[in-house]
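Here is the structure we will look at.
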Amino acid sequence: MELTQAGSTLYKYAKEILDMHGIAKRAVADLMELVTGKLTIGASLTIGEYVLPHLLAAYSRKYPDVKLSVIIGNTEEMHEKALDGSIDIGLVEGDLVDPHLEITEFLQDELVFVIPKQHPMAMKNVVDNNELAENTFILREEGSGTRLAMEKALQELSFKPKKQTVLGSTQAIKEAVEAGLGISCLSKWTLRKELQLGILKPLRMKDCNLTRGFYLIRYKGKFESKACAEFKRFILSDDIMQYLG
């Protein structure tokens, strides 16, 4: 079965009517100072899997009537979803420049080189890039903020790995490093349990301090509900670290 031409035309306007109905309901609720409705958040993988759950738990305790929906993908995907309006707000890693977006840093991140605990370099606190030459580097996929940050870090070290393996998730990379497949460079937020338990060993590079920002993004032309405004205020507050442990 297929829509007729008249049906296709009606569908377009019906969708706009329903969208406007939702906006009108949220606007009225905002006037009444009620923080309700649905909030759709997009997050890059590192943030979505390791940082956002703690923030959502705290936000939900404060605003229990808000229905939360989360979409997780890499930074490039969240950039696109912010532009097409399918998310109310996005949380991404890495540098992002777009005049159509409101972009605000909300958290600092540190990138840490990690190796398996049985690796010959595990006993060293600091190494130089010459000692990394024969290791396989495990990277995230194209479009990942973590991959971009790692490539930038290696470029600053004037070092290009001879061997690379690409995996599509942070958890897969951690498992691969633990198994001895290679070494990697990951966000400190993703490594807290592994470093605390001694499963993976951190590796400090000589004269290299790798930091980056986590950013809140929002399409400038999108209606901002009360729930969205309060989430933005919550995540940009000075109290955010208390929720992350």
Practice prompt. Scan the range 114-125 and give yes if some residue there is in contact with a helix residue (DSSP H, G or I) (Cβ under 9 Å, 6 or more places away or on another chain), among the basic types (Lys, Arg) and modelled with pLDDT of 85 or more, otherwise no.
Written response: yes
Response to the item:
Log entry, pairs with first residue in the range 110-132 being on the phi < 0 side of the Ramachandran plot, second being loosely packed, with under 12 Cβ neighbours inside 10 Å and hydroxyl-bearing (Ser, Thr, Tyr), beta carbons closer than 9 Å, six or more apart or on different chains, reads GLU110/THR211; LEU111/THR211; ASN129/SER158
Item to complete: Give the residue that is modelled with the highest pLDDT, with candidates limited to residues of the range 131-145 that are of a type in the set (A, V, I, L, M) and touching a helix residue (DSSP H, G or I) at 6+ places or on another chain (Cβ under 6 Å).
Response: ILE138
Discussion item. Any residue that is in contact (Cβ under 8 Å) with a residue 60 or more places away in the chain and either in the same structural domain as VAL28 (by TED's automatic domain parsing) or not small (Gly, Ala, Ser) (or both) - is there at least one of those in the range 158-165?
Written reply: no
Response to the item:
When the range 47-102 is checked residue by residue, the ones that are surrounded by 16 or more Cβ atoms within 10 Å (Cβ to Cβ) and on the phi > 0 side of the Ramachandran plot are GLY94
Discussion item. Condition check: small (Gly, Ala, Ser) and within 16 Å of the chain's Cα centre (by Cα). Does GLY180 satisfy that?
Written reply: no
Practice prompt. Please identify the pairs in which a residue from the range 58-72 that is under 11 Å from ALA227 (Cα atoms) has its Cβ atom under 8 Å from the Cβ atom of a residue that is of a type in the set (Lys, Arg) and surrounded by 13 or more Cβ atoms within 10 Å (Cβ to Cβ), counting only partners at least 6 apart or on another chain.
Written response: VAL66/LYS38; LYS67/LYS38; LEU68/LYS38
Response to the item:
For helices (runs of 4 or more DSSP H) lying entirely in the range 130-245, having 3 or more residues that are touching a Lys or Arg at 6+ places or on another chain (Cβ under 6 Å) and surrounded by 14 or more Cβ atoms within 10 Å (Cβ to Cβ) picks out 145-156
Worksheet item: If VAL35 passes every condition in (1) modelled with pLDDT of 95 or more; (2) of a type in the set (A, V, I, L, M); (3) in contact with a helix residue (DSSP H, G or I) (Cβ under 6 Å, 6 or more places away or on another chain) but one, which one does it miss?
Response: (1)
Discussion item. Residue under question is GLU156, and the condition is that it be at pLDDT 90 or above, over 30 Å from ASP84 (Cα atoms) and of a type in the set (Asp, Glu); does it hold?
Written reply: no
Worksheet item: Would the range 2-19 turn up any residue that is in contact (Cβ under 8 Å) with a residue 12 or more places away in the chain, part of a helix (DSSP H, G or I) and either not hydrophobic (A, V, I, L, M, F, W, C) or not assigned by TED's automatic domain parsing to the domain that holds GLY221 (or both)?
Response: no
Worksheet item: Which one of these does ASP128 not meet: (1) modelled with pLDDT of 95 or more; (2) under 17 Å from CYS185 (Cα atoms); (3) not polar (S, T, N, Q)?
Response: (1)
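For the range 198-229, give me each residue that is of a type in the set (D, E, K, R) and either at pLDDT below 95 or not assigned by TED's automatic domain parsing to the domain that holds ILE103 (or both).
So the first thing to find is which residues in the range 198-229 are of a type in the set (D, E, K, R), and the list is 201, 204, 206-207, 212, 218, 220, 222, 224, 226.
Answer for the range 198-229, where residues must be of a type in the set (D, E, K, R) and either at pLDDT below 95 or not assigned by TED's automatic domain parsing to the domain that holds ILE103 (or both): LYS201, ARG204, LYS206, ASP207, ARG212, LYS220, LYS222, GLU224, LYS226.
The values are calculated or read from the model by the stated rules, or taken from the named source; none is laboratory data. Every value quoted in this text rests on a predicted model; they were computed, and no experiment measured them. Cβ coordinates were reconstructed from backbone atoms using ideal geometry, including for glycine residues, and neighbour counts include every protein chain displayed.
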